[in-house]
Each structure stands twice: as structure tokens, then as C-alpha cells.
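Working notes, structure below.
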Amino acid sequence: MRQDRPDQITLPVAFIEALSHADSIETVLSVGTEWLTRLIPSTRASLALVDGDRVIDKAARTDGRPDPDYDTGRIVPNTPRARVMETGRPEFLNADTVREMGHVPVQRIFASGLGSMLLAPMLVGETAIGTLSVGAAEPDAFDQAHAARLIALGRWIAAQARLMQQLRRTAQLAETDPLTGLANRTRLMRVLAGPQALHRRDADGRVIGVIHIDLDHFKEMNDSFGHAVGDAILRTAANRMRAAVGNKDLVARIGGDEFLAVTRTDPAGRHIRALARRIADAVARPVQVDEIEARVGASIGIAVASAGDHSAERLIANADIALYEVKRSGRGGV
């Protein structure tokens, strides 16, 4: 029997249009999973995409049975999915091969009503970025023609998923300060626009607060030791601020040596003042650049959202005023 090459297989226009309308990686995988059981006769379909340091899994069934977890969120070494990723070739499974394999998650899948399964790589060029599979109740339900079709489907899904990754990366770069890797003003304003009523309390009774940080003596360090040392100081200060603030809050670089952190705080401001002191202490530690030990400090102004703060600009302006007062009374304060 003649086998069609994946690039010679015609796929429905509706499938291609549905993929092209997807606006996120998750949607691409959901659309792909939904269409797999339509395009290859099967009762179960699944997709797994390696997306950076995570694996996104999607599965769907048409037989109404609950679907057991199958290595959700990971590609386990020495398993069918791992082999398909490594070889770039499809793999056929039936009850006998699964029993001999001894891999419990796959055995659970078969115990849920499958008699056979076909796995194939999601390929971009010759590189596998994930896997897709279909399963059926009948034993040996799939052949090489099904495998070629599944690979062709995988290429379309992989191409659209890769496009979503590229668009996400472009959006991240547009909102990232290239020197420090922190958020830039664009992302800062987007984040502050999210809560709408900035003073509205969250489930823990906290409101939005901002911390405006200005590096003291940075200009002197930059002028004395050059831009390479100045850039190193900025990157080090940014990393220290990010560590002090943690993953749940945001730090943005909004000017040459100016930064702004966004956090949730109690309305009385105890949390934000403690955080501001931690940032000031972190920034004040010496920065070693080759043979040069550079020292900068931080002047910090804080503002906590109240009922009168109807915009992000107003809240930031209040932090600017607080920073000005700190500088007027002498640098290095909060």
C-alpha cells in the first residue's frame, strides 16, 4: 500500500482555520485535541507541548469515560512519549506491548477502555517540540497511513504553537527593560491599570501600594568609572530589588536610575514600609565590578492607594512627592 508523505496529506480547511484563529498556546492545543478524534477515528486524543520549563497537556475523550492522568506536566524518560520525542518517529501501542512495558500511567490509560494507541511527534522542521496521540477501543486500530496523517496534523499544530510562543516572546520584549530584564513603564502601567479601583481591598484586606526608588550617587559612580560599571550597578541593583520584592510583586525600571515597585499592602502601610527598608538595605550593599567596589544608596518614596486615587498616574505622583520630600531632607531615607 502506498504511504502518503506528511507534506502531501490534505487537511480540512476548517481545521486549519480553527488553528489560525487561536490566540494562545492553550487554545491551540485545545483546538488540536478536539480535531484529532474527528480526523483520525478514535475515542481518545491527547497533546503534550514542551513550553520552556513546563509541559502543557491536553486530552479529550469521545466515549464519555473519565481520563486518567498520563504523565501530566512532564515527559518521563524511557516512556513512549519520551521515545517519540527522541526519535521523531511514531510509535504503536497495544495491550500486549503496554503490559510488557510496565509503565503504570500508560497501563491506566489502557485500563480505561483503550485497546490501541498511536503516538507521533509534533515537529517543527526535524525538531520535536511535543507529542500527540490517539487511542481506540479496538486492538490494532491504527496503521502507517494513520501515522502519516497524525504527523501531518502535528506539524500544523506545532507551527501554530511555535507562532504563539514567538508572539508571546515579542510581547514580553516590548514590556521589558533590555538592560536589567525588569518590567518597563509600559508593563508597569498595564499592571496598575488591572485593579481599576486601586484602593479596593483584596481577599486579605490589602490595597495597592507603590515604592519609588532613586539610586543615590549613581551618576558619580557612572561618571567616575564609566558606563560598563554603571550598567553593572544597575543590573545588580535590579536583581537585589527583584529578590527583595519576590515573585508576586512587580519591579520596573522607569528611568536611568529610577525604579518603581508595585505591591499589595495593608492600608496602614506597615508592609510596604518594611519592604521599602529591605530594598534600601539590599541596594546599599557594595557592588564589586572587577577591581572596583562601587557603592550606591537608595532614596525611597512610598504611596498607598486611597479612595482619592482614581488612576495609576495619581498614585505614582504621590510616590514622587514622597520621594522628593525624602531627597529634600537628605538622601538615603524612606
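The values are calculated or read from the model by the stated rules, or taken from the named source; none is laboratory data. Source: prediction; values computed, not measured. As a convention, Cβ positions derive from the backbone with ideal geometry for all residues, glycine included, and neighbour counts pool all protein chains shown. Accessible surface areas use protein heavy atoms only, side chains included; no ligands, DNA or RNA. Shrake-Rupley method; radii C 1.70, N 1.55, O 1.52, S 1.80 Å.
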Candidates ARG242, ARG253, filtered to the one that is in contact with a Phe, Trp or Tyr (Cβ under 6 Å, 6 or more places away or on another chain) and within 23 Å of ALA193 (Cβ to Cβ):
ARG253
Note on segment 19-41: residues open to solvent by 20 Å² or more (accessible area, probe 1.4 Å) and either closer than 18 Å to LEU167 by Cα or assigned to a loop (DSSP other than H, G, I, E, B) (or both) are SER20, HIS21, ASP23, SER24, GLU26, THR27, PRO41
Pair list, Cβ under 6 Å, 6 or more apart: segment 128-146 residue open to solvent by 30 Å² or more (accessible area, probe 1.4 Å), other residue of a type in the set (S, T, N, Q) and part of a helix (DSSP H, G or I)
none
Matching residues, segment 44-58, being open to solvent by 60 Å² or more (accessible area, probe 1.4 Å) and outside any loop (DSSP other than H, G, I, E, B)
ARG54, LYS58
Qualifying positions in segment 147-166 - of a type in the set (A, V, I, L, M, F, W, C) and open to solvent by 30 Å² or more (accessible area, probe 1.4 Å)
TRP156, ALA159, LEU163
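Within segment 167-192, restricting attention to residues that are among the hydroxyl-bearing types (Ser, Thr, Tyr) and in contact (Cβ under 8 Å) with a residue 12 or more places away in the chain, which residue is most open to solvent (accessible area, probe 1.4 Å)?
THR186
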Selection from segment 193-210 of residues that are over 16 Å from GLU313 (Cβ atoms) and either open to solvent by less than 20 Å² (accessible area, probe 1.4 Å) or in contact (Cβ under 8 Å) with a residue 24 or more places away in the chain (or both)
ARG201, ASP202, ASP204, GLY205, ARG206, VAL207
Check ARG285 against each of (1) at pLDDT 90 or above; (2) of a type outside the set (Gly, Ala, Ser); (3) in contact with a strand residue (DSSP E or B) (Cβ under 8 Å, 6 or more places away or on another chain) and name the one condition it does not meet.
(3)
Extreme residue, nearest to the chain's Cα centre (by Cα), among residues of segment 255-281 that are open to solvent by 10 Å² or more (accessible area, probe 1.4 Å) and small (Gly, Ala, Ser)
GLY255
What are the residues in segment 75-104 that are in contact with a helix residue (DSSP H, G or I) (Cβ under 9 Å, 6 or more places away or on another chain), of a type in the set (D, E, K, R) and loosely packed, with under 15 Cβ neighbours inside 10 Å, if any?
ARG89, ARG99
For segment 66-73, does any single residue satisfy the condition of being among the polar types (S, T, N, Q), at pLDDT below 95 and surrounded by fewer than 15 Cβ atoms within 10 Å (Cβ to Cβ)?
yes
So the check is Cβ under 8 Å with 6+ separation or different chains; which pairs have a first residue in segment 63-87 that's closer than 14 Å to THR131 by Cβ and a second one that's open to solvent by 70 Å² or more (accessible area, probe 1.4 Å)?
TYR70/ARG108; GLY73/ARG54
Within 30 Å of GLY32 (Cα to Cα), open to solvent by less than 10 Å² (accessible area, probe 1.4 Å) and either of a type outside the set (Lys, Arg) or outside any helix (DSSP H, G or I) (or both), is that true of ALA238?
no
From LEU153, LEU167, LEU163, which residue is closer than 19 Å to ARG44 by Cα, within 27 Å of the chain's Cα centre (by Cα) and assigned to a helix (DSSP H, G or I)?
LEU153
